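Asks: For reference, the structure I am asking about is given below.
The values are calculated or read from the model by the stated rules, or taken from the named source; none is laboratory data. Note that the coordinates shown come from a computational prediction; the quantities given were computed from them, not determined experimentally. Here the Cβ positions follow ideal geometry from the backbone for every residue, glycine too, while neighbour counts run over all protein chains shown.
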Amino acid sequence: MSRLPPPILSHVCDLEVDLDPILEMGTGRAGHRRIVPIIGGRVEGPRLNGRILNLGADWQTVFADGMAELDTRYAIETDDGALIEIRNYGLRHGPPEVIAAIARGEEVDPSTYYMRTHARLETGDTRYAWVNGTLFVGNGARLAGKVVVSLFALE
């Protein structure tokens with residue numbers, strides 16, 4: 001059997017997700033739980049442009065080794081009025097001193113830690129129906145008061 005070609009990634013957009021302060025839930029079944037409210041932001045790129053709506057959150061679990069499991073759900077309104085739901089699941093981990101600097105809100109070089117996601121987008125707007133049948137992956141960074149993610153279609 002011949003090997004299939006590797007998937008192609010094409011840049012769809014960059015997400016700049018504005019966050020409210022973290023709501024600490026305490027220790028749950030699997031680790032430390034917290035909710036990070038998503039309050040807005042921008043979407044800009046070759047295939048999607050718009051604003052992130054003031055709704056949704058990241059329901060995080062932080063494990064004993066410091067790895068954060070990211071589980072977000074929020075919505076985008078495109079510049080031409082379509083509503084697109086985004087569900088983004090990811091992992092963030094790195095050296096303890098780097099993760100501690102991120103937690104303090106310091107600017108940290110994203111190459112010093114791992115923050116990757118996979119996303120599903122969904123809409124009823126026929127102009128963007130292509131998102132319903134596409135898988136997405138992302139590269140992310142945590143900044144003070146926001147997260148940035150470059151989102152790529154898995155072609």
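Asks: Go through region 8-32 and count every residue that is modelled with pLDDT under 95, out of contact with any Lys or Arg (no Cβ under 8 Å at 6 or more places or on another chain) and within 29 Å of Phe152 (Cβ to Cβ).
Replies: Looking only at that region, the number is 2.
Asks: Mind listing whichever residues of region 70-110 are within 12 Å of Ala141 (Cα to Cα), touching a Leu at 6+ places or on another chain (Cβ under 7 Å) and β-branched (Val, Ile, Thr)?
Replies: none
Asks: Can you tell me which residue in region 24-57 is nearest to Phe136 (Cα to Cα), limited to those that are of a type in the set (D, E, K, R) and in a loop (DSSP other than H, G, I, E, B)? Spell out how you get there, then give the answer.
Replies: The first filter runs over region 24-57 and keeps only residues of a type in the set (D, E, K, R), leaving 24, 29, 33-34, 42, 44, 47, 51.
Within this subset, residues satisfying the condition of being in a loop (DSSP other than H, G, I, E, B) are 29, 47.
Values: Arg29: 29, Arg47: 13 Å.
Ranking the candidates gives Arg47 first.
Asks: Tell me, please, whether a residue that is in a strand (DSSP E or B) and either at pLDDT 95 or above or closer than 17 Å to Glu16 by Cβ (or both) can be found in region 93-100.
Replies: Looking through region 93-100, at least one residue is in a strand (DSSP E or B) and either at pLDDT 95 or above or closer than 17 Å to Glu16 by Cβ (or both).
Asks: Moving on. Go over the candidates Leu70, Leu48 one by one and state the one that is crowded, with 18+ Cβ neighbours inside 10 Å and over 23 Å from Asp20 (Cβ atoms). Steps first, answer last, please.
Replies: Numbers: Leu70 fails: over 23 Å from Asp20 (Cβ atoms).
Exactly one residue qualifies, and that residue is Leu48.
Asks: Out of Thr117, Thr126, Thr78, which single residue is at pLDDT 95 or above, polar (S, T, N, Q) and over 14 Å from Leu15 (Cα atoms)?
Replies: Details: Thr117 fails: over 14 Å from Leu15 (Cα atoms); Thr78 fails: over 14 Å from Leu15 (Cα atoms).
Just a single option satisfies the conditions, and that option is Thr126.
Asks: Ok, one more. Kindly establish whether Gly40 is surrounded by 16 or more Cβ atoms within 10 Å (Cβ to Cβ) and free of Cβ contacts under 8 Å to residues at least 24 places away in the same chain. Working first, answer last.
Replies: Numbers: surrounded by 16 or more Cβ atoms within 10 Å (Cβ to Cβ): yes; free of Cβ contacts under 8 Å to residues at least 24 places away in the same chain: yes.
Judged against the criteria, Gly40 is a match.
Asks: When you look at Arg73, is it without any contact (Cβ under 8 Å) to a residue 24 or more places away in the chain and either assigned to a strand (DSSP E or B) or touching a Lys or Arg at 6+ places or on another chain (Cβ under 9 Å) (or both), yes or no? Steps first, please.
Replies: Working: without any contact (Cβ under 8 Å) to a residue 24 or more places away in the chain: yes; either assigned to a strand (DSSP E or B) or touching a Lys or Arg at 6+ places or on another chain (Cβ under 9 Å) (or both): yes.
So Arg73 passes the test.
Asks: Among (1) at positive phi; (2) part of a strand (DSSP E or B); (3) surrounded by 11 or more Cβ atoms within 10 Å (Cβ to Cβ), there is one condition Val12 misses while meeting the rest; what is its number?
Replies: Val12 satisfies every listed condition except (1).
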